[in-house]
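Engineer: First the structure, then my questions, so here it is.
The values are calculated or read from the model by the stated rules, or taken from the named source; none is laboratory data. Here the structure is a predicted model, which is why all the values come from computation and not from measurement. Don't worry about glycine lacking a Cβ; one is built from the backbone with ideal geometry, like all the others, and counts go over all protein chains shown. When the accessible area is computed, the model is the full protein with side chains, heavy atoms only, and any ligands, DNA or RNA have been set aside. Shrake-Rupley method; radii C 1.70, N 1.55, O 1.52, S 1.80 Å.
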Amino acid sequence: MRSKASRRSDVKASDLFLRCLEAEGVEYMFGVPGEENADVMISLLDSPIRFIICRHEQGAAFMADLYGRLTGKPGVCLGTLGPGATNLVTGVANANMDHSPVVTITGQGATTRLHKESHQAMDVVQMFTPITKWAASIRDETTIPEVVRKAFKLAAAEKPGAAHIELPEDIAKAEVESSPIVPGMKVRRPIADDKSIAAAVGLIRAAETPVVLAGNGCVRTRAADQLARFVEATGIYVAPTFMGKGCLSDRNPKSLFVSGLSSRDHVTSVFERADLVITIGYDMVEWHPSRWKVGRPKKVLHIDFTPAEVDGAYRPDIEVVGDVAAALWAVNERLGDDRREVVAAFAAEREHLRREICDDYAGDEGFPMKPQRILSDLRREMGDEDILISDVGAHKMWIARHYPAYAPGSCIISNGFCSMGMALPGAISAKLVHPERQIVGLCGDGGFMMNIQELATAVQYKIPTTVLVWEDGGYGLIRWKQQAAYGKTSHTEFRNPDLVELARSFGAHATRVEAPQNLRPVLRAAFAVDDRPSVVVVPVDYSENMKLTNRLGELIGE
Ligand SMILES: Cc1ncc(C[n+]2csc(CCOP(=O)(O)OP(=O)(O)O)c2C)c(N)n1
Ligand SMILES: [Mg+2]
């Protein structure tokens, strides 16, 4: 029993919960309120945390995902019990599989009714378990500081991901005497041991045609500086995955732009000739080793925060486990003056790609516009630090291949869970994080309609972000894959409403591109709008999709 004296200093549990979030440095919560989290919503009135009211919980989760990806601090999204929680699921799973730190919070019915059939009640923790690193229900108000600290700590720790906290309504209302656990000094990540570094350097020195396969981990942890040093010292070429784009500037003559297309590409020939593949911060989810362990027998050096996933096709000769930047630093130091300049083995592949990406389509006059020309024009209007967020579809493949990235985190592609619908909500929270940068969410007409409701959110909060919609009247990527595999397509076409009128009805600035030379001025006009979102709709010529498949087939074989 607590004494009367101590009870006088009690606070409401939902207030304590907010103090704990504040101690974690939370600036924004994205979400949709419900009855069962009403206490948290009321407590928010006395908190500096800014609540962004969303129009669908999935939009809120994607906003939290991009916030986490860009800052390295967990983004926070909130929904109610039952349907609010189920609506969060896709965005939370996306963040978790893409290693974006997110904490998702849901309400719940009172603990006195969770053992029986009860209005909107379902086991939300169990639902979130497979799509988070950790999911917990607060069943005692005194545990709030521990649960919140643990969720944030786990979400942010390598490899980052999602954590879930459930706060039942009776617990939220309780009185409690407790205070937040303020995060202590940043926990340094462990570093790889010396022996593994020495063995790694031995492998690198012995290789004739090594290549780096750089993944998400290289962008996430700002290992970019050490990677650039490594490349400078050794001359080894770098093939980033979709999510690794920008870890080495594509202006660097050792960048191979991108790897990971499901079709063969020039970069496939690089892997065929490589005798050592150095994977750095690489997640198998992006590009299975069976795709790149082709051609010449090769050794594999694994450098990552965690030991390698077990896979019959992925058997690293050496695993360097620990902080990636520190491991690269240690390798660089040990290479010392005894550096080796790797022959410019892959200069031809780089030059093929560079010409296709930067030169061949710059002045293409076709309309609807070719994907290559759209991206070439967009690239010219974007600064190095501006951020392009890709949705999922055929446009994503073109972005990966034809949008050079010059800085880590400047080209965001979801390539783990690969959910459609991220670009528009993602572009909203990216603009909150970096108001000084130009932000473009690029999506297909399918993905745009999946979360179009968040345009209302951007209008309400006057967020001047830009959405570039490629209109082809269909699920382009599915059509492309069906055509390539079956020679015909099935159920991939749809009719759009007038997307410009639709966007305008939300209060957004909206324009349709009517001729190829208009795209750049239209983009400039969109970037100049400073009090609401802009939507640019551009008709796209996806006959280029199969042309690319066929061209690559002829060039380098199937
Ligand atoms: C939520 C979700 N549903 C379905 C898919 C499967 N899918 C992948 S790409 C795609 C088509 C995307 O169409 P659109 O947004 O118009 O882009 P386009 O391919 O035309 O560029 C579909 C249906 C997915 N990845 N995510
Ligand atoms: Mg489409």
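Engineer: Testing VAL540 on (1) more than 22 Å from SER429 (Cα to Cα); (2) loosely packed, with under 14 Cβ neighbours inside 10 Å, one condition comes back false. Which one is that?
Structural biologist: The failed condition is (2).
Engineer: If a residue counts only when it is open to solvent by less than 10 Å² (accessible area, probe 1.4 Å), which helices (runs of 4 or more DSSP H) contained entirely in segment 1-90 have at least 3 such residues? Let's see the steps before the verdict.
Structural biologist: Details: elements: 4-7, 13-23, 38-43, 57-71.
Fully inside segment 1-90 and qualifying: 13-23, 57-71.
A quick yes/no check of all residues on (1) assigned to a loop (DSSP other than H, G, I, E, B); (2) away from ligand 1 (no atom under 16 Å from the Cβ); (3) not small (Gly, Ala, Ser):
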position	(1), (2), (3)
LEU378	no, no, yes
SER414	yes, no, no
MET420	yes, no, yes
GLY447	no, no, no
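Engineer: What do you reckon, is GLU471 more than 9 Å from ligand 1 (Cβ to nearest atom) and of a type in the set (D, E, K, R)?
Structural biologist: In short, no.
Engineer: Out of everything in segment 203-224 that is under 21 Å from ILE413 (Cα atoms) and among the charged types (D, E, K, R), what residue ends up being least open to solvent (accessible area, probe 1.4 Å)?
Structural biologist: We begin by selecting, within segment 203-224, every residue under 21 Å from ILE413 (Cα atoms); these are 212-224.
Among the residues that remain, those that are also among the charged types (D, E, K, R) are: 220, 222.
Details: ARG220: 49, ARG222: 132 Å².
Ranking the qualifying residues of segment 203-224, first place goes to ARG220.
Engineer: Those residues that are within 12 Å of ligand 1 (Cβ to nearest atom) and either among the acidic types (Asp, Glu) or in contact with an Asp or Glu (Cβ under 6 Å, 6 or more places away or on another chain) (or both), I need them from segment 423-443; list them, please.
Structural biologist: Selection gives ALA423, LEU424, CYS443.
Engineer: From the list ALA157, ALA151, which residue is within 23 Å of the chain's Cα centre (by Cα) and surrounded by 17 or more Cβ atoms within 10 Å (Cβ to Cβ)?
Structural biologist: ALA151
Engineer: Go through segment 94-110 and give me each residue that's surrounded by fewer than 21 Cβ atoms within 10 Å (Cβ to Cβ) and either of a type in the set (D, E, K, R) or not in a loop (DSSP other than H, G, I, E, B) (or both).
Structural biologist: MET97
Engineer: Is one or more of the residues making up segment 340-354 under 24 Å from TRP470 (Cα atoms) and not aromatic (Phe, Trp, Tyr)?
Structural biologist: Yes, because at least one residue in segment 340-354 is under 24 Å from TRP470 (Cα atoms) and not aromatic (Phe, Trp, Tyr).
Engineer: MET397 - would you say it is within 16 Å of ligand 1 (Cβ to nearest atom), closer than 25 Å to LEU227 by Cβ and open to solvent by 10 Å² or more (accessible area, probe 1.4 Å)?
Structural biologist: yes
Engineer: Is there a residue in segment 287-310 that is open to solvent by 10 Å² or more (accessible area, probe 1.4 Å), in a helix (DSSP H, G or I) and not aromatic (Phe, Trp, Tyr)?
Structural biologist: Going residue by residue through segment 287-310, those that are open to solvent by 10 Å² or more (accessible area, probe 1.4 Å) are 287-288, 290-291, 293-299, 305-310.
Now drop any that are not in a helix (DSSP H, G or I), which leaves 290-291.
Subset that is not aromatic (Phe, Trp, Tyr): 290-291.
Within segment 287-310 (the criterion being open to solvent by 10 Å² or more (accessible area, probe 1.4 Å), in a helix (DSSP H, G or I) and not aromatic (Phe, Trp, Tyr)), the answer is yes, since at least one residue qualifies.
Engineer: Among (1) more than 16 Å from ligand 1 (Cβ to nearest atom); (2) crowded, with 17+ Cβ neighbours inside 10 Å, there is one condition ASN550 misses while meeting the rest; what is its number?
Structural biologist: The one condition ASN550 does not meet is (2).
Engineer: Still on this structure, please answer the following. Looking only at segment 420-468, count every residue that is closer than 14 Å to ILE53 by Cβ and open to solvent by 10 Å² or more (accessible area, probe 1.4 Å) and tell me the total. Before you say what the answer is, go through the steps one by one.
Structural biologist: Step one: list which residues in segment 420-468 are closer than 14 Å to ILE53 by Cβ, which gives 425, 428-429, 432, 453-463.
Now narrow it down to the ones that are open to solvent by 10 Å² or more (accessible area, probe 1.4 Å): 432, 453, 456, 459-462.
Number satisfying all stated conditions: 7.
Engineer: Among the candidates THR511, THR492, which residue alone is among the β-branched types (Val, Ile, Thr) and more than 16 Å from ligand 2 (Cβ to nearest atom)? It would help to see each step written out before you state the result.
Structural biologist: Values: THR492 fails: more than 16 Å from ligand 2 (Cβ to nearest atom).
None of the others qualify; the one that does is THR511.
Engineer: If you check every pair at least six apart or on different chains, which have Cβ atoms under 7 Å apart with a residue in segment 201-212 that is touching a residue at least 40 places away in the same chain (Cβ under 8 Å) first and a residue that is open to solvent by 40 Å² or more (accessible area, probe 1.4 Å) second?
Structural biologist: What qualifies is VAL201/ARG334; LEU203/LYS299; LEU203/ASP317; ARG205/ARG340; THR209/ARG273.
Engineer: Tally the residues that are in a loop (DSSP other than H, G, I, E, B) and more than 16 Å from ligand 2 (Cβ to nearest atom), restricting the search to segment 422-437.
Structural biologist: Here is the first cut: in segment 422-437, the residues in a loop (DSSP other than H, G, I, E, B) are 422, 434-437.
The next check asks that each one be more than 16 Å from ligand 2 (Cβ to nearest atom); those that pass are 434-437.
Going through segment 422-437 one residue at a time, the tally reaches 4.
Engineer: Right, something else. From the residues in segment 453-463 that are in a loop (DSSP other than H, G, I, E, B) and closer than 15 Å to ALA503 by Cβ, which one is nearest to ligand 2 (Cβ to nearest atom)?
Structural biologist: Per the stated criteria, the residue is GLN453.
Engineer: One residue is enough: does segment 176-190 have a residue meeting the conditions of a type in the set (S, T, N, Q) and out of contact with any Leu (no Cβ under 8 Å at 6 or more places or on another chain)?
Structural biologist: No - not one qualifying residue is present in segment 176-190.
Okay, residues lined up against (1) on the phi < 0 side of the Ramachandran plot; (2) touching a strand residue (DSSP E or B) at 6+ places or on another chain (Cβ under 6 Å); (3) more than 15 Å from ligand 2 (Cβ to nearest atom):
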| residue | (1), (2), (3) |
| --- | --- |
| GLY409 | no, no, yes |
| ILE412 | yes, yes, yes |
| GLY416 | yes, no, yes |
| ILE439 | yes, yes, yes |
| ASN451 | yes, no, no |
| TRP470 | yes, yes, no |
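Engineer: Across segment 477-487, which residue is nearest to SER543 (Cα to Cα) among those that are touching a residue at least 24 places away in the same chain (Cβ under 8 Å) and among the hydrophobic types (A, V, I, L, M, F, W, C)?
Structural biologist: It comes out as TRP480.
Engineer: Which is more than 29 Å from VAL321 (Cα to Cα), among the β-branched types (Val, Ile, Thr) and loosely packed, with under 14 Cβ neighbours inside 10 Å, of VAL187, VAL182, VAL125? Give the steps one after another, and end with the answer.
Structural biologist: Values: VAL187 fails: more than 29 Å from VAL321 (Cα to Cα); VAL125 fails: loosely packed, with under 14 Cβ neighbours inside 10 Å.
Criteria check complete, one pass: VAL182.
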